[in-house]
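Chemist: Structure incoming, see below.
The values are calculated or read from the model by the stated rules, or taken from the named source; none is laboratory data. Keep in mind it's a predicted model, so treat the numbers as computed, not measured. Cβ coordinates were reconstructed from backbone atoms using ideal geometry, including for glycine residues, and neighbour counts include every protein chain displayed.
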Amino acid sequence: MPPPFFPRTPCLDQQDAEALRREILAYFHTTFDRYEALFGHLTGDAAYYERPISLRHPLIFYFGHTATFFINKLTLAGLVQERIDPRLESMFAIGVDEMSWDDLDEAHYDWPTVAQVQAYRDEVRTTLDGIIRHAPLTLPLDWNNPWWAILMGIEHERIHLETSSVLMRQHALHHVQPLPDWAPCRHGGPTPANPLVQIPAGRVCLGKPLSDPYYGWDNEYGRHEAAVPAFQASRQLVSNGEFLAFVEAGGYSTDRYWDEEGLAWRNFAQATHPTFWVQHPAGWRLRLLAEEIPMAWDWPVETNCLEARAFCRWQAEQSGQAVRLPTEDEWYRLLAFAGVEEVGAAPAAANLHLDHYASSCPVTEFPQGPLYDVCGNVWQWTETPIYPFDGFQVHPWYDDFTTPTYDDRHNLIKGGSWIACGNEARHSSRYAFRRHFFQHAGFRYVVGEAPIRQAVPHYETDKQVSEYAEFHYGDTYFSVPNFPQAMARLAIEALGERPAQKALDLGCATGRASFELARHFDAVTGIDFSARFIQLGVQLAEQGSLRYTLTEEGELVSFKERRLDELGLAEVCHKVQFLQGDACNLKPLFAGYDLILAANLIDRLYSPRKLLTQIHERLNPGGLLVLASPYTWLTEHTPREEWLGGFKQDGENLTTLDALKTLLAPHFRLLQAPLDVPFVIRETRRKFQHSISEVTVWERR
């Protein structure tokens, strides 16, 4: 049995830097030791190079990956000045995430020998030992501190301690061997009853501040609050014996129990029973890390999310109740109801952190309040696809840890398993896997009304849309004020004491000026020809935030989140309506406005003349038309014959302002001299468009 009290993730809220240094040093070495000990299960070099499953790299990759991760991240943090082996640090850097079953990677890799990787790990150990012992350590140790990269590397290796153990569990049995320090549970019993327990309604508050005293991954920070209605939950995790009824009832062959995604996986995998169940002439057996044992019917069944969902549908059909997986919010209600606190020094609280077994154990062994195994034994699938909390930020040293999972295809697992260590074992951890993926994961089911589905906002990656999102809601560059905001303020100032009931933001793009106008107007309509632009405005109005990527250089991007509340616009968003429309062919209902703003629009229309000769019909008498344009006439947007100016007419220069005065004179008067308003559009970190828009304000006669 492994030694008890495998060190927990350190509390960073300490006053003694040297004491914290010693704790981190011990944390690093015990983690590095335990990870290498896990690979002692492999019977020989061949076991490192044969893939346990087709969707993942062979284990030699994972043996090297965690060590190269340390060097790659500490290089970014400035703690490592010279790489150890650039070839290995490149080879072992990427390719960790499991692939979809229809996206097999058959690429050939010229893997190094096991001895070469071990030698590399030895060098990394020596390097890290020296850094931890001698590098300056200033407090507080937060995620801006270079030492955060050291903790990141340690916690990352603890994640792979678990994921590598899952791969070994899926390896051919002749490639693995039991070890005395990794002894599984050796007792079990018959299938226990699993009654439902009533969980009262309550409120949950998820997420933590950056000041939290423990290491966390970026998806843990921010805030989410929700009221959770009362529901019922199974007292225990679903056991192998309870799941057997589903198997024997033909659950794997009955299509109606499987959703579309589940059917696709089941048919591809030809699954007829849980992956870790082994059919044997003498009866079912259970595959553990390095051996098979007679089926332990009172241990938790381990499935992927798709199988767990299918079981719930079958159970609902049998019971007539609304059986399903719990949500992340409901799992936190289970924690509160059971009174489960963070598992610290007392290992008796849960089968967690390698404190007890190198396997799961009976589902009735660890009571936690009126329930069992709210934490520990196996991870628990939830019905919640991972999503960012309000205030989510990407950590710059690991910008692809979480963001690729915000795709509505990765569901959260909660509670930890027998091997979940360090950050994994904390309640605040948020790990998510594709629904067809296997972990040491099972499930408990709940009965309750259909949960409110949490929106999973994707990062907008379309380059032009992202550039406009940044132009409207992003940073200020070269001290040039935000252009849409400046235009809205200029328009409101020009309006003076005139009525301010309705405004039209024509060519609103992603909508910043529309929201700014709503500070002053009772109702604002934003219209743009581009549905992609409009979608961002709608998302902001409905969800209060948007996320997008910005090109840094080449294929490198940064991740941005912008929020209406941080811009002081959340309280006015209900007054804004976004619609797709053609400025040159507006529907009759778009009329009766006190203000029309058309910023940087006319030189992007196929017929600006058509718009300007009819625009007065949309305005109330005395209403204002505010035009802004850099007059960059291009035939790709506007046919040459439709240009308003920028050419010679009768041998004389004709400017766009001259044309505007002629076109608008019958119905408008120019209120003031034209103004120059600059704007900057960011293309990359080192390339910007700096333009000047000429602004004219017209009053309808």
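Chemist: Hey, among the residues in the range 527-544 that are surrounded by 21 or more Cβ atoms within 10 Å (Cβ to Cβ) and among the small types (G, A, S), which one's nearest to R604 (Cα to Cα)?
Modeler: It comes out as G537.
Chemist: While we're on this one: Out of contact with any Phe, Trp or Tyr (no Cβ under 8 Å at 6 or more places or on another chain) and in contact (Cβ under 8 Å) with a residue 40 or more places away in the chain: is that true of T126 in this structure?
Modeler: When the stated conditions are applied, T126 does not pass them.
Chemist: Separate question: Any idea which residue in the range 481-526 is farthest from the chain's Cα centre (by Cα), counting only those that are polar (S, T, N, Q), over 16 Å from E694 (Cα atoms) and surrounded by fewer than 24 Cβ atoms within 10 Å (Cβ to Cβ)?
Modeler: Q501
Chemist: Could you tell me which of the residues A450, A469 is part of a helix (DSSP H, G or I), out of contact with any Gly (no Cβ under 7 Å at 6 or more places or on another chain) and either buried (at least 18 other Cβ atoms within 10 Å of the Cβ) or modelled with pLDDT under 95 (or both)?
Modeler: A469
Chemist: Sticking with this one: Taking the range 301-338, which residues are in a loop (DSSP other than H, G, I, E, B) and either farther than 26 Å from E220 by Cβ or without any contact (Cβ under 8 Å) to a residue 12 or more places away in the chain (or both)?
Modeler: Hits for the range 301-338 are V301, G320, Q321, A322.
Chemist: Within the range 406-422, is even one residue touching a residue at least 24 places away in the same chain (Cβ under 8 Å) and surrounded by fewer than 16 Cβ atoms within 10 Å (Cβ to Cβ)?
Modeler: Yes, some residue in the range 406-422 is touching a residue at least 24 places away in the same chain (Cβ under 8 Å) and surrounded by fewer than 16 Cβ atoms within 10 Å (Cβ to Cβ).
Chemist: Further question: Listed residues E552, E566, E571; which is at pLDDT 95 or above, of a type in the set (D, E) and out of contact with any Pro (no Cβ under 9 Å at 6 or more places or on another chain)?
Modeler: E571
Chemist: Considering every residue within the range 594-615, establish whether at least one is out of contact with any strand residue (DSSP E or B) (no Cβ under 8 Å at 6 or more places or on another chain), surrounded by 14 or more Cβ atoms within 10 Å (Cβ to Cβ) and polar (S, T, N, Q).
Modeler: Checked the range 594-615: at least one residue is out of contact with any strand residue (DSSP E or B) (no Cβ under 8 Å at 6 or more places or on another chain), surrounded by 14 or more Cβ atoms within 10 Å (Cβ to Cβ) and polar (S, T, N, Q).
Chemist: Give the residue, chosen from A509, A494, A488, A513, that is over 15 Å from V626 (Cα atoms) and hydrophobic (A, V, I, L, M, F, W, C).
Modeler: A509
Yes/no matrix, rows are residues, columns are (1) of a type outside the set (S, T, N, Q); (2) surrounded by fewer than 17 Cβ atoms within 10 Å (Cβ to Cβ):
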position	(1), (2)
A19	yes, yes
Y27	yes, no
F32	yes, no
A37	yes, yes
S54	no, yes
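Chemist: Select from the range 145-192 the residues that are in contact with a Cys (Cβ under 6 Å, 6 or more places away or on another chain) and among the basic types (K, R) and list them in ascending order.
Modeler: Selection gives R158 alone.
Rundown of residues vs (1) basic (K, R); (2) at negative phi; (3) free of Cβ contacts under 8 Å to residues at least 24 places away in the same chain, yes/no style:
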position	(1), (2), (3)
G592	no, no, no
L601	no, yes, no
R604	yes, yes, no
H637	no, yes, no
L654	no, yes, yes
R669	yes, yes, no
H690	no, yes, no
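Chemist: Can you name the number of the only condition in (1) among the hydrophobic types (A, V, I, L, M, F, W, C); (2) closer than 23 Å to Q118 by Cβ; (3) at pLDDT below 95 that M1 fails?
Modeler: With (1) among the hydrophobic types (A, V, I, L, M, F, W, C); (2) closer than 23 Å to Q118 by Cβ; (3) at pLDDT below 95 applied to M1, the lone miss is (2).
Chemist: State which residue is surrounded by the fewest Cβ atoms within 10 Å (Cβ to Cβ) when the search covers only the range 72-87 and only residues that are over 25 Å from the mean Cα position of the chain (by Cα) and of a type in the set (A, V, I, L, M).
Modeler: My answer is I84.
Chemist: Filter the range 406-449 down to the residues that are under 29 Å from L244 (Cβ atoms) and aromatic (F, W, Y) and list them by number.
Modeler: Of everything in the range 406-449, those that are under 29 Å from L244 (Cβ atoms) and aromatic (F, W, Y) turn out to be W418, Y431, F433, F437, F438, F443, Y445.
Chemist: Now for a separate question. Run down H29, H65 and say which single residue is within 27 Å of the chain's Cα centre (by Cα) and either outside the structural domain of D355 (by TED's automatic domain parsing) or closer than 30 Å to P209 by Cβ (or both).
Modeler: H65
Chemist: Give P281, P274 a once-over and let me know the one that is of a type outside the set (G, A, S), part of a loop (DSSP other than H, G, I, E, B) and surrounded by fewer than 20 Cβ atoms within 10 Å (Cβ to Cβ).
Modeler: After ruling out the rest, the residue left standing is P281.
Chemist: Of the residues D355, D400, only one is touching a residue at least 12 places away in the same chain (Cβ under 8 Å), in a loop (DSSP other than H, G, I, E, B) and charged (D, E, K, R); which?
Modeler: The unique qualifying residue is D355.
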